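Read the structure below first, then the notes.
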Amino acid sequence: MLWEFSHNTRPAFFAALCLAGLFILCPGCSEKKADVEEPAAAMVNGEPILKKDLEKEILRIDKTLSVRPSQDESRRFSQRFLDQMIRKRLLLQEAKKSGIELIPEQIRKAVSEQKGDISKEDFEKMLKEAGITYQEWVDRITDDRRIEMLIHRVIDPGIQITEEELTAYYQNHPEEFDLPERVKARQIVLPGQKDAEKARERLVHGGEEFGLVAHEVSLSPDAARGGDIGIFSRGQMPPDFDKACFALQVGEISPVVKTPYGYHIFLVEERLAAGKIAFKEARKDIYNKLFSEKREQAFLAYQKDLWNRSEITLLNLKR
């Protein structure tokens, strides 16, 4: 990715704006015919990529930078942006040749998936900050989905992964399949020590079930799950959690523990010793990893082939 948005508090939204790799930063990349009288930055199989669209995108990205690039850097970035726009245009042309189109319901679903549960007000504000209109955003999502469908149709069927490759990966990367010691725990969180001590009294001397008490009194979001905070190893949770939970035996209830989040009571339900993930359990993850690697390699080769057999004219770029 050439640039990264600084709005890192909105990952779901900006994932939609800048899908990985090729699919980013391409306004004007749809296949709609433009007025050929307008200055073009490039011609791709007879279709223009307008200079104004390239400049608009670069200007939008420039606004997110804390340091303005030099003239030479700007020129290089302009060329790289244009190269991305050309590659996307080539893919969209191939999608069109293959008859890949989205019906309105598919577009609505794709937009909904990317937008998530962001409110209308926040969504419109973020679009404005990003410097694009709602329709431009929808067009990008639609184009990216068409390219995904093209990859699935053209690239994926040719990817083959043998059992020997899976086994070799497992044997050659043993560190990836080592499991540290872990615990499965529950917690109750209260704002004051006295309230926490009362809750612990109900558990230790009253014999009440931990999950029910957690559901009733805990202020933590996991109270809805009876205080279940899942399985974790050292270092995955705050240090106070590790210190308390890894000192407990199965079924043991901790003393009240003060942390920056409140007053906690922990219960360890299970301890899992350090070990190794069996090949049978790791096989699916290994397959997915190798598939992704081969898919990326095949996709890069496919893009190169498209470029080489296309008629592309690059025009002068000045910034």
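For the reader, a short list of remarks on this structure follows.
- Only a single criterion out of (1) without any contact (Cβ under 8 Å) to a residue 40 or more places away in the chain; (2) surrounded by 13 or more Cβ atoms within 10 Å (Cβ to Cβ); (3) within 26 Å of the chain's Cα centre (by Cα) is not satisfied by residue 284, namely (2).
- Residues considered: 185, 196. Of these, the only one that is in a helix (DSSP H, G or I) and either exposed (fewer than 12 other Cβ atoms within 10 Å of the Cβ) or of a type in the set (Gly, Ala, Ser) (or both) is 196.
- Output for the range 108-124, where each listed residue is assigned to a loop (DSSP other than H, G, I, E, B) and surrounded by 12 or more Cβ atoms within 10 Å (Cβ to Cβ): 116, 118
- Within the range 227-242, considering residues that are assigned to a helix (DSSP H, G or I) and in contact (Cβ under 8 Å) with a residue 12 or more places away in the chain, the one surrounded by the fewest Cβ atoms within 10 Å (Cβ to Cβ): 240
- Scanning the range 216-226 for residues that are part of a loop (DSSP other than H, G, I, E, B) and touching a helix residue (DSSP H, G or I) at 6+ places or on another chain (Cβ under 7 Å) turns up just one, 226.
- Residue in the range 55-76 that is hydrophobic (A, V, I, L, M, F, W, C), at pLDDT 50 or above and either touching a Lys or Arg at 6+ places or on another chain (Cβ under 8 Å) or not assigned by TED's automatic domain parsing to the domain that holds residue 114 (or both) present: yes
- Checked against (1) part of a helix (DSSP H, G or I); (2) under 30 Å from residue 308 (Cα atoms); (3) in contact with an Asp or Glu (Cβ under 9 Å, 6 or more places away or on another chain), residue 127 meets all criteria but (2).
- Unmet criterion (only one of (1) surrounded by 12 or more Cβ atoms within 10 Å (Cβ to Cβ); (2) under 25 Å from residue 146 (Cβ atoms); (3) in contact (Cβ under 8 Å) with a residue 40 or more places away in the chain) for residue 52: (3)
- Any hit, the range 151-162, residues being closer than 30 Å to residue 288 by Cα and in contact with a Leu (Cβ under 6 Å, 6 or more places away or on another chain): yes
- Test result for residue 278, within 28 Å of the chain's Cα centre (by Cα) and free of Cβ contacts under 8 Å to residues at least 24 places away in the same chain: yes
Conditions tested, residue by residue: (1) closer than 30 Å to residue 97 by Cα; (2) in contact (Cβ under 8 Å) with a residue 24 or more places away in the chain; (3) touching a Pro at 6+ places or on another chain (Cβ under 7 Å).
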position: 133; (1), (2), (3): yes, no, no
position: 150; (1), (2), (3): yes, yes, no
position: 156; (1), (2), (3): yes, yes, no
position: 173; (1), (2), (3): no, no, no
position: 192; (1), (2), (3): no, yes, no
position: 200; (1), (2), (3): no, yes, no
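- Any hit, the range 77-84, residues being at pLDDT 85 or above and either among the charged types (D, E, K, R) or more than 27 Å from residue 306 (Cα to Cα) (or both): yes
- Count of residues meeting criterion [acidic (Asp, Glu) and either in a strand (DSSP E or B) or farther than 21 Å from residue 132 by Cβ (or both)] in the range 46-78: 3
- Residue match in the range 162-182 (condition: outside any helix (DSSP H, G or I) and acidic (Asp, Glu)): yes
The values are calculated or read from the model by the stated rules, or taken from the named source; none is laboratory data. Keep in mind that what you see is a predicted model, and the values were worked out from it rather than measured. Positions of Cβ are backbone-derived with ideal geometry, glycine not excepted, and every protein chain shown enters the neighbour counts.
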